[in-house]
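Colleague: Can you read through this structure? Questions will come right after.
A short reminder: the numbers here are calculations on the coordinates, not readings from a lab. Keep in mind that this is a model prediction, so the values were computed, not measured. No Cβ is skipped: glycine too gets one built from the backbone with ideal geometry, and neighbour counts run over all protein chains shown.
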Amino acid sequence: MKHTAVNLEIERILWRQGIERIAGVDEAGRGPLAGPVVAAAVIFPTEYIIERVNDSKKCSAKQREELFPLIMEQAVSVGIGIVDHVEIDRINILQATILAMKKSLENMNIRPEYSIIDGNSFTHESLRFQNIIGGDAKSFTIAAASIIAKVTRDRLMCELDIRFPHYGFARHKGYGTRQHIEAIRTYGLCEVHRKSFHPSALQINY
């Protein structure tokens, strides 16, 4: 039987191999037209779980905000990696996402023995890791990381909304909603837009 609900099955396979410090890693912000991509890495004690934690996309904003401090308090270690719009344009979003994930692992105060990464594209030269497609819907540790990444990025976008009030960043978090695209057509690009991301339909001169 294939399990899809977040649980500790993936972690338990590794724990049975004697691997204790397992980092779950996920990102937020690959798709938006503006702002950074943010990754988070989280390590929990063996067999620890917070029952309400789920894939961040399946949680409401209110639920994520409630879970964020619980995860931060109960985790053994949390690392956050941020790659800004300039670097995204320079190296492309895939490489920027991998870089943010690497930064999140580097920013932990405990070095993981093994990392489980949402997706299929992560690479690392020295750390042991496993890519897991749909990992944020399967692994508790990755789901917790997805919440930390999402809340961190949403808060950054709300800060950018204060600096650039015409675009509605606090509402859509930089994604290409109709309102956002209309704002770009009206006001042009601001400095935190990803210049390499905009659909040709916008007909914007860079």
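Colleague: Relative to a virtual label point 7 Å from the Cα of Arg30 in the Cα→beta-carbon direction, which members of the stretch 47-71 show backbone nitrogen distances below 20 Å?
Modeller: Counting only backbone N, you get 54-59.
Colleague: Mind listing the long-range amide H neighbours of Phe129? Cut-off is under 5 Å, sequence gap 5 or more, other chains count too, H placed in the peptide plane at 1.01 Å from N.
Modeller: Those qualifying (amide H under 5 Å, at least 5 residues apart or on another chain) are Ser115.
Colleague: Pop the C-beta distance of Glu47 and Arg155 into the FRET formula with R0 = 25 Å and round what comes out to the nearest 0.05. Each step should come with its number before you reach the end.
Modeller: On the way: r = 31 Å, r/R0 = 1.22.
Calculated value: 0.25.
Colleague: Tell me, what HN-Hα J-couplings in whole Hz come from the Karplus equation 6.51 cos²θ - 1.76 cosθ + 1.60 at θ = phi - 60° for each residue of the stretch 160-169, using x for Gly and Pro?
Modeller: Here the 3J(HN,Hα) series is 5, 4, 5, 6, 10, x, 6, 9, x, 4 Hz.
Colleague: Take Ser60 and Glu73, extend 7 Å from each Cα along the Cα→Cβ direction, and tell me the distance between the two endpoints in nm.
Modeller: The modelled label-to-label distance comes out at 2.1 nm.
Colleague: At a Cα cut-off below 14 Å, give the aspartates and glutamates reachable from Lys138, other chains included and same-chain residues fewer than 8 away excluded.
Modeller: Glu9, Glu11, Asp26, Glu51, Asp55, Asp118
Colleague: Can you give the charge dipole size of the chain about its Cα centre, rounded to the nearest 20 debye, using +1 on the beta carbon of Lys and Arg and -1 on the beta carbon of Asp and Glu? Don't skip to the answer; put the middle values down first.
Modeller: On the way: 26 positive and 24 negative charges, 96 e Å.
Result for the chain is approximately 460 debye, rounded to the nearest 20.
Colleague: Report for the chain the percent antiparallel among DSSP-assigned beta bridges with both residues inside it, nearest 5. Could you put the intermediate results ahead of the total?
Modeller: Numbers: 14 of 23 bridges.
Restricted to the chain, the bridges split so that about 60 percent are antiparallel.
Colleague: How large is the helix-only mean residue ellipticity at 222 nm for the chain, computed as the sum of -39500 (n - 2.57) over DSSP H runs with n ≥ 4, divided by its residue count, in deg cm²/dmol to the nearest 500? Write out the running numbers ahead of the final one.
Modeller: Values: 7 runs with 81 residues, N = 206.
For the chain, the value works out to -12000 deg cm²/dmol.
Colleague: Also, quick follow-up: Tell me which lysines have Cα within less than 21 Å of Lys103's Cα, excluding those fewer than 8 residues away on the same chain?
Modeller: By straight Cα distance, Lys103 reaches Lys150.
Colleague: Follow-up question, since we're still on this one. Just to check I understand the Karplus step: with θ = phi - 60° and J = 6.51 cos²θ - 1.76 cosθ + 1.60, what whole-Hz values come out for the stretch 114-119, glycine and proline as x?
Modeller: Going residue by residue, I get 7, 10, 10, 10, 5, x Hz, with x marking Gly and Pro.
Colleague: Here is a further query. With a ≥ b ≥ c taken as the square roots of the eigenvalues of the C-alpha gyration tensor of the chain, please select rounded if a/c is under 1.5 and otherwise prolate if a/b is larger than b/c or oblate if it is not? If you can, show how the numbers build up before the last one.
Modeller: Numbers: a/c = 2.27, a/b = 1.85, b/c = 1.23.
It is prolate, given that a/c is not under 1.5 and a/b is the larger ratio.
Colleague: Please list, in order along the stretch 153-158, the HN-Hα scalar couplings obtained from phi with the Karplus expression 6.51 cos²θ - 1.76 cosθ + 1.60 (θ = phi - 60°), rounded to whole Hz, x for Gly and Pro.
Modeller: So the Karplus estimates, Gly and Pro as x, are 5, 4, 5, 4, 5, 5 Hz.
Colleague: Check Gly134: other-chain or 5+ apart residues with amide H under 5 Å from its amide H, H built from backbone geometry?
Modeller: Those qualifying (amide H under 5 Å, at least 5 residues apart or on another chain) are Gly119.
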